Amino acid sequence: MSTSQKRLFDFSESDSSKDFFSELEEGDLCVAEVVFNKPLVSVYHYAVPDELRESLQSGKRVAVPFGKGNRREIGFCVAVHYAMQPKQRLKSISEVVDRQPLVSEKMLTLTRWIADEYLCGWGQVLESAIPRAVKQGAGQKQRTYFRIDEAKRNNVQIGKLSAKQKQVWKVLSSSKEPMTLEELAERAGCSSGPIHSLRNKGAIQSFRKVDDSDREDDRSFVIELPDYALNEDQEKVLKKIVGIVESQKHKTILLRGVTGSGKTEVYIRAIQEVANYGKQAIVLVPEISLTPQTIRRFRSRLDSVAVLHSHLSDSERHAEWRKIASGLVQVVVGARSAVFAPTKNLGMIIIDEEHETSFKQDTTPRYHAKQVARKRAEIENIPLILGSATPTLESWQRVQNRDDLLLTLPNRVNNLPLPPVVLVDVRNDQYISKGAAIGRILATAIRNSLEHDGQIILFLNMRGFTPALWCSACGKSMKCPSCDITLTWHKDRGVALCHVCNFHTDAVRACLECGHKGIRHLGIGTQKLEQEVRARFPEYQCLRMDSDAMKKRGSHHRALEGFRKVNISILLGTQMIAKGLDFPNVTLVGVINSDWLLNQPDFRASERTFQLIAQVAGRTGRGTKGGRVFVQTMNPTDPAIRFAAEHDFLSFAKHELIHRRENRSPPFSRVIRIVFRGENEAATRTAAETNSTRLKESIGSMFPDLKILGPAPAPISRVKKFYRFHLQLYFPPDVPLGELGNRIRESLQPGKDADFVIDVDPVDLR
Ligand SMILES: [Zn+2]
Ligand SMILES: [Zn+2]
């Protein structure tokens, strides 16, 4: 069967084109299938004019006339095949935009799957998977380089050159790489004059090439480190992984290793193994963990590392992308979207801290990088490793069902014990009841640690000074005028701030509702905690780390370096300090308020509380001095908090899974959440109701095990002036999404007053 025939058959299976082409046979008309960056399910068909046939391939973008007015639109060509001319004449492609395909066939398969799985347009997925910089060809600046003309090397009469020219010649002769004008002039200690005159004599050559040099390359600062010796547990785990790599089959491995058990070392060894086969690995880490420290760790052990994170400039991103596509890197380290890295010969995917919610994208396409990685690993027939000290219950249930393989690192490296965790019941604490953040017991522990030269981490997940402003006359809290969110007082800026839309006002002396001047401040944010710490322990240096204090690029890194050098005794902050930090001198971790997550209206509230306490606790006890953890709580008997204090993931998972099964929550069901949004409350409610009715009718009795909740106002009922109503569908995990997805897409219609978003497997239910 020829390729074009194969394509024709692939094509005839695609849902949208079935009717249109079913009576066609293979013919002479070259047809391109095109998708657009729109929430459309359809694949559109265009005729390919003869003169474009040569240059058109799937994976390239094309310009086409679209809609009634034939306006020019750019779309992605996802397939090309031959067919008979259909009855209705096809429009023709006007231009092929890209010289090279932007994505491979495998990536087309993957993105198509994402569109079906997350109920969005294929073109939307492609648009999101390929960085803007790559589409625009950003940073493809040409630059002039100089080198010795090897053919003429022996003809150059060195004696006749001026002193400066001789110097240029010497520098360039001893350099293995071509040099730019600036580099050469600097190294030779001259102006551009002698360089140009040497070139004019033909003694040296100049040429232009794409410039990658404005990329931040800290490779030069990297000290290559030898392999650490693995302990017995690590050896065992690595051996299993290597076996799976050698089998060249897809397998998902859940690597549960307690904090400080040396997971990263296992990753690096596994990647080295994959690199020995000439293949590449992708390592996804939460954006917040993508610190220079992490990157240095990989760079010091592997020859070539590409990094993809949100702080890259367009040209940097494009340069990394090209480097990956050329097959020159051994490993790509990046945040969520690095799952789309264009590796030539992928050998393994690793997701570290797999429980992190930041792997789910919160804009269309709302994919979860873990599911995408799983699918990609399946397509490429390679292993996927999910690592965590506190795996999600979804991942845990998969190993219970033996769908995935469990490997465990139960102990910390160097036989260090996990730190003892003390639960501090602060319900009757004399300091706390007077409005302090730090209770009596934690204060004593801090004093004690400081006196023994230990460092301290205090965790509080609320930025700002006070998280609620409340009128003592009318009893109303001050809310954002555009959102259903209380304003947080930011003392440093002197404003009340909305943490959702950034609205701020300094008019907070009087109540916005009744004008009364008795505004009370409730709760504690990191700024207030900082003030309290400075007042109580004035002789010690303290540093606050949250997104307000760490706005400047690199400030996060500088702060951590400062803490490492031990001149800062107390580091306090939000989840920025909860992840991955490894400071051997930290002997005390204090969790200021462990209860805030428990009260969230989310079936994962317990799980997140457990994860957070376990992660924060993991920041101490990493050195010879040992470490302790104090967790302040108003719910000392809550199972999530109790099990976390005992470092007992197994019992927590068992306990929580019983509840989930009873309530038919994930992992015993899947959830689709549909949020309707509109500026008019009544119209949005009506849109939510009519759409929901239509959807319920369409689904009817076809899916008897489906549970539908709503429509109801979302927990945050208004965001940025838009009212929000949501509908939640719970369905058994073994029901394929296909037909259900189709019905959802067919029944929902955006109106002029309200639109909607569909979130499959949501991690945020607010
Ligand atoms: Zn009032
Ligand atoms: Zn707001």
Alpha carbon centroid spacing (whole Å) that separates the range 378-413 from the range 431-449: 39 Å
5 angstrom amide H check on V283, placed H, neighbours 5+ away: V332, V333, G334, I350
Need the full-extension length gain, T363 to N448, defined as separation in residues times 0.36 nm minus the C-alpha distance. One decimal, nm. 25.9 nm
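How much of the accessible area of the chain, in percent, comes from carbon and sulfur atoms when a 1.4 Å probe is used?
On the way: 17160 of 35600 Å².
Solvent-exposed carbon and sulfur of the chain make up 48 percent of the total.
To the nearest 20 debye, what is the magnitude of the charge dipole of the range 440-547 about its Cα centre, counting +1 on the Cβ of each Lys and Arg and -1 on the Cβ of each Asp and Glu? Don't skip to the end; give the middle numbers.
On the way: 14 positive and 10 negative charges, 72 e Å.
Once rounded to the nearest 20, the dipole reads 340 debye.
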Under a no-solvent Debye model with one identical scatterer per Cα of the chain, what's log10 I(q)/I(0) at q = 0.07 Å⁻¹? -0.63
Pairs of lysine residues in the range 512-596 - Cα separation under 29 Å, sequence separation of 8 or more or cross-chain: 10
Please compute the modelled spin-label separation between S206 and A683, points set 7 Å along Cα→Cβ, answer in nm with one decimal. 6.2 nm
Along the charge dipole of the chain, pointing to its positive end and built from +1/-1 on Cβ of Lys, Arg, Asp and Glu, which listed residue (V41, H521, T111) has its Cα farthest out? H521
Sorted by number, the cysteines in the chain with no other cysteine beta-carbon under 4.7 Å are C30, C77, C120, C190, C501, C542
E186 accessible area, assembled protein chains, probe 1.4 Å, Å²: 150 Å²
Additional length obtainable on full extension of the chain from H655 to D705, 0.36 nm per residue less Cα span: 15.5 nm
Place a label point 7 angstrom from the Cα of N428 along the Cα-to-Cβ direction, then list the residues of the range 624-648 whose backbone nitrogen is under 17 Å away. 633-637
Dipole axis of the chain (+1 Lys, Arg; -1 Asp, Glu on Cβ), positive-most option in A151, H318, I385: A151
Note to self: with every protein chain in place and a 1.4 Å probe, the chain gives an accessible area per residue in Å² of 46 Å²
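Report, as a whole number in µm² per second, the diffusion coefficient that Stokes-Einstein gives for the range 53-134 at 25 °C and 0.890 mPa s using the Kirkwood radius over alpha carbon pairs. Mind showing how you got there, number by number?
Values: Rh = 13.9 Å.
The estimated diffusion coefficient comes to 176 µm²/s.
Can you run the Rg to Rh ratio on the range 260-396? Use alpha carbon positions and the Kirkwood inverse-distance Rh.
Working: Rg = 13.9 Å, Rh = 15.0 Å.
Taking Rg over the Kirkwood Rh, I get 0.93.
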Using alpha carbons only, how many angstrom separate the centre of the range 52-114 from the centre of the range 542-587? 49 Å
About the Cα centre, charge dipole magnitude for the range 240-281 (Lys/Arg +1, Asp/Glu -1 at Cβ), debye: 160 debye
Estimate the FRET efficiency between F603 and K106 by the formula 1/(1 + (r/R0)^6), using the beta-carbon distance for r and 45 Å for R0, to the nearest 0.05. 0.80
Tell me which lysines have Cα within less than 20 Å of K160's Cα, excluding those fewer than 8 residues away on the same chain? K152, K170, K201
With +1 at each Lys and Arg Cβ and -1 at each Asp and Glu Cβ, the charge dipole magnitude of the chain around its Cα centre, to the nearest 20 debye, comes out at 1960 debye
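The values are calculated or read from the model by the stated rules, or taken from the named source; none is laboratory data. Nothing here was measured: the structure is a model prediction, and the numbers come from that model. Please note: Cβ atoms are built from the backbone with ideal geometry, for glycine as well, and neighbour counts cover all protein chains shown. Ligands, DNA and RNA are stripped out before the accessible areas are found, and what is left, the full protein with its side chains, is counted by its heavy atoms. Shrake-Rupley method; radii C 1.70, N 1.55, O 1.52, S 1.80 Å.
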